[in-house]
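The values are calculated or read from the model by the stated rules, or taken from the named source; none is laboratory data. Being a predicted model, the structure only gives us computed values, none of them experimental. Backbone-built Cβ (ideal geometry, glycine too); neighbour counts: all protein chains shown. Accessible surface is based on the protein model in full, side chains and every heavy atom, while ligands, DNA and RNA are left aside. Shrake-Rupley method; radii C 1.70, N 1.55, O 1.52, S 1.80 Å.
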Amino acid sequence: MQSWLKMLRLNILAGILFLNSSSAHKIESTTTETTSKNDWQQRLDALTNDFEEQNLIVKQLNNIVQNQETMAFEMKEDLRVLKISMRNFETIARRFTNNDDTNRVLEYGEFQQKLGSITSDNEKRFHLNSLRVQKLENELKEALESMKPAGDQENAVTVDAEVLRTCADLKRQKAAKSGLYNIDPDDNDQGQPSFEVFCNATSGETVIHHDLVGEFTAKNCRRGRCQEAKNITYGNLSMLQMEALINHSEKCYQEIVYHCFGAPLHNKDMSTTAWWIDRFGQKQMYFHGTGTDAEKPCTCSQQGDCIDIEKKCNCDSRAPEWQKDHGTISNKSSLPVTQLVFKGLKFSSQKAHFTLGPLRCSGYQKSVPAKNSVTSCTDV
């Protein structure tokens with residue numbers, strides 16, 4: 001009997017231990033399951049946010065593409081009208097070639113003048129549409145860059161946006177996005193105050209825009225005896241602030257384009273008809289590079305592919321059609337461009353205008369000039 005009771009007690013004890021063990025396992029399983037659900041919910045929320053952000057970018061891209069398609073259609077329509085006008089012109093020209101009637105000759109002259117005006121207007125519209133397409137292409141490029149994942153994650157660092165030296169710091173920042181940031185190139189409270197710029201997080205470029213919207217057009221005046229200048233300002237930034245950025249950057253540049261219709265950059269006596277002023281107030285007459293070779297002021301002369309190989313620039317060919325000299329000014333000692341200057345155009349058929357890009361700087365300058373160092377002859 002005692003043996004049987006002892007066996008019963010052991011069985012009861014084993015049952016109790018089994019129940020306790022089972023309960024503990026259920027509690028642990030429930031806790032693990034709850035934790036797992038929370039983790040998956042967080043992941044799901046993160047994926048949902050990423051999807052919404054990417055969906056917004058895709059919508060922006062669709063709008064840009066639609067705008068490009070609209071302008072492409074407008075440009076094709078302009079060309080179609082121009083081709084029709086040219087065919088009409090050729091037809092009338094053939095008809096008048098063998099006709100000496102004075103009235104018809106006069107009529108032909110009036111038609112030729114009208115056609116010239118239509119052609120000029122169409123060329124200008126085509127040029128403006130080309131600029132709009134280029135702007136949209138840049139917006140599309142920036143939107144695509146914003147969709148790219150962050151770069152080298154191993155070297156990624158977290159940077160306080162309020163103390164960026166330049167936008168080059170942002171390139172190394174984890175999950176950085178392009179946009180407006182405050183930078184302080186010469187360090188906090190040790191020089192010029194911080195200022196706001198646009199940062200490209202992918203390229204690390206610091207971009208400073210100016211107040212010249214669109215183009216600066218030359219005027220026609222009697223015998224070209226006039227001159228017009230356009231001052232270029234960069235928001236509320238002082239020149240000392242911009243110098244601080246330039247000095248602390250590895251490279252800086254500005255794109256400049258001279259568009260011309262029979263209007264050369266250089267006269268027959270090689271005097272210039274247009275130029276720009278640097279930050280020290282000095283007249284500069286080169287439109288590409290650093291200006292070290294006065295005989296090669298334009299891109300085409302430096303590359304040896306000008307329309308007229310005997311000229312310094314494409315526009316010097318004086319061709320009665322739209323041409324351009326497109327260059328990149330990269331001399332840090334002269335940038336930024338502070339003024340564009342035109343001498344007057346002599347003839348009503350001549351046309352010319354400048355377009356100027358923003359100041360762009362990138363990289364780090366290892367050695368920064370001292371405050372009292374000489375950077376140009378103006379400092380002496």
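Results, tabulated for the structure shown:
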read-out	value
Tabulated pairs, region 194-215, first more than 7 Å from CYS167 (Cα to Cα), second in a loop (DSSP other than H, G, I, E, B) and among the aromatic types (Phe, Trp, Tyr), C-beta under 8 angstrom, 6+ apart or interchain	ILE208/TYR234; HIS209/TYR234; HIS210/TYR234; ASP211/TYR234
Every residue from region 190-209 that is open to solvent by 70 Å² or more (accessible area, probe 1.4 Å) and either among the aromatic types (Phe, Trp, Tyr) or assigned by the TED database to the domain that holds ALA274 (or both)	HIS209
Those residues of region 239-264 which are more than 30 Å from ALA168 (Cα to Cα), touching a strand residue (DSSP E or B) at 6+ places or on another chain (Cβ under 6 Å) and not in a strand (DSSP E or B), in sequence order	ALA263
Failed item, numbered, when GLY281 is tested on (1) without any contact (Cβ under 8 Å) to a residue 40 or more places away in the chain; (2) on the phi > 0 side of the Ramachandran plot	(1)
Single match in GLN302, GLN323 (criterion: free of Cβ contacts under 8 Å to residues at least 24 places away in the same chain, outside any loop (DSSP other than H, G, I, E, B) and not small (Gly, Ala, Ser))	GLN302
Where THR292 falls short, out of the listed (1) assigned to a loop (DSSP other than H, G, I, E, B); (2) β-branched (Val, Ile, Thr); (3) in contact with a Gly (Cβ under 7 Å, 6 or more places away or on another chain)	(3)
Residues satisfying the stated conditions in region 338-365, i.e. among the aromatic types (Phe, Trp, Tyr) and open to solvent by less than 10 Å² (accessible area, probe 1.4 Å)	PHE342, PHE354
Total residues in region 154-177, condition modelled with pLDDT of 85 or more and over 17 Å from the mean Cα position of the chain (by Cα)	3
Selected residue (only one of LEU180, LEU245, LEU212 is exposed (fewer than 13 other Cβ atoms within 10 Å of the Cβ), modelled with pLDDT of 85 or more and among the aliphatic types (A, V, I, L, M))	LEU180
Checklist (1) open to solvent by less than 20 Å² (accessible area, probe 1.4 Å); (2) part of a loop (DSSP other than H, G, I, E, B); (3) over 18 Å from ASN331 (Cα atoms) applied to ASN236, failing item	(1)
